[in-house]
Amino acid sequence: MHFVNTENCKTEEIENYLLKKKENYLKNLAKNEKENLENKLSGKNKKEKKTTLSGWANPIIQEPLSKCFKENCGYCGKQVLYNKTKYENENEGDVEHYIPKLKNNLLAFEWSNYIWSCKTCNQILKRDFFNYTYPLLNPTKEADCKCLQYEKGRYTIIEEIKDYDIYKKRLETTEKDTRINYNTNIVQRKALYNNINIRIESISRVQKELIFKDILEQKRVYELENSYQEKIKELKDSLKYASYKFLIKEVFVEEFKEKYTDFVFDWDKYL
């Protein structure tokens, strides 16, 4: 899990949209509660009217939120694409409410309560659960993310605070109700590192041989240059739709820079 500053993605359009949705909800809520009370007092056996919460499935919310999270789940880091079609259920990702709607209706209209999430973390594991004593670690809160370190495919509490019970309990809650440390995710993270590492190693070998292109046969230089371009393209393509983009950028890249000091690549452009 890595920090995502969603405030950087909030716009005036988003604020106005959510404010309008909130006002409409409160207006309908008051109207329905009044009618329900009048029906009850008059003895009318009418079905109680429910006030529907809605608004976050709109592209005004989904598109900028998914971009903010680089189309990766805020909890586990898996790639969850935003589909721009009109069919909401075609999206791989959800607008997840950190504090569930059933716990606080009005937070359903707060941008700061939104997290771009995969459907497994949101709909299957977390659902409407919220532990007020030991809440989930929140990817939109920098302090929550700073308490974590990446270690051999999984996230653990940093050494400096590993003995603080509250952080251990919160990570346990997060592990139980999201895929942050699922075995499949751990295996995939390790495999991703190895995959990128192999690509860079291969590119570096070609680069080293190209240093001597002035004394190589022209045919060999041509082969090397083509190979270099192909391998760079493969690396770019693999990063374009990668899962765990924040992990790659904040952890893997630093290791690659130390390991391959001569390898020059614009990581920010593709992450």
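The values are calculated or read from the model by the stated rules, or taken from the named source; none is laboratory data. What you see is a predicted model, and the numbers here were worked out from it, not measured in a lab. Positions of Cβ are backbone-derived with ideal geometry, glycine not excepted, and every protein chain shown enters the neighbour counts.
Residue 113 satisfies every condition listed in (1) more than 15 Å from the chain's Cα centre (by Cα); (2) closer than 16 Å to residue 61 by Cα except (1).
Residue check: residue 201 meets all listed conditions (1) under 21 Å from residue 115 (Cβ atoms); (2) surrounded by fewer than 14 Cβ atoms within 10 Å (Cβ to Cβ) but one, namely (1).
For every residue, the table says whether it meets (1) part of a helix (DSSP H, G or I); (2) within 27 Å of residue 68 (Cα to Cα).
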| residue | (1), (2) |
| --- | --- |
| 13 | yes, yes |
| 39 | yes, no |
| 53 | no, yes |
| 57 | no, yes |
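A Cβ distance below 8 Å, combined with a sequence gap of six or more or placement on separate chains, defines the contacts here; from segment 5-22, residues that are within 18 Å of residue 115 (Cβ to Cβ) reach no residue that is exposed (fewer than 11 other Cβ atoms within 10 Å of the Cβ).
Taken as a whole, the structure leaves residue 261 outside the set of residues that are in the same structural domain as residue 75 (by TED's automatic domain parsing) and closer than 23 Å to residue 150 by Cβ.
Of all the residues in segment 154-164, those that are surrounded by 15 or more Cβ atoms within 10 Å (Cβ to Cβ) and more than 17 Å from the chain's Cα centre (by Cα) number 2.
Of all residues in segment 216-231, none that is over 20 Å from residue 197 (Cα atoms) has its Cβ atom under 8 Å from the Cβ atom of a residue that is modelled with pLDDT of 85 or more and loosely packed, with under 12 Cβ neighbours inside 10 Å, 6 or more apart or on another chain. Whether any residue in segment 80-91 is of a type in the set (A, V, I, L, M), out of contact with any Ser or Thr (no Cβ under 6 Å at 6 or more places or on another chain), assigned to a loop (DSSP other than H, G, I, E, B) and in the same structural domain as residue 172 (by TED's automatic domain parsing) is what I want to check. Scanning segment 80-91 turns up at least one residue that is of a type in the set (A, V, I, L, M), out of contact with any Ser or Thr (no Cβ under 6 Å at 6 or more places or on another chain), assigned to a loop (DSSP other than H, G, I, E, B) and in the same structural domain as residue 172 (by TED's automatic domain parsing).
For segment 235-246, the criterion of being surrounded by 13 or more Cβ atoms within 10 Å (Cβ to Cβ), aromatic (Phe, Trp, Tyr) and on the phi > 0 side of the Ramachandran plot is satisfied by at least one residue. Within segment 1-32, being aromatic (Phe, Trp, Tyr) and within 15 Å of residue 54 (Cα to Cα) holds for 17, 25. For segment 35-86, the set of residues classified as among the β-branched types (Val, Ile, Thr) and surrounded by 12 or more Cβ atoms within 10 Å (Cβ to Cβ) consists of 51, 60, 61, 80, listed by residue number.
So is residue 167 within 30 Å of residue 128 (Cα to Cα) and of a type in the set (Ser, Thr, Tyr) or not? So residue 167 passes the test.
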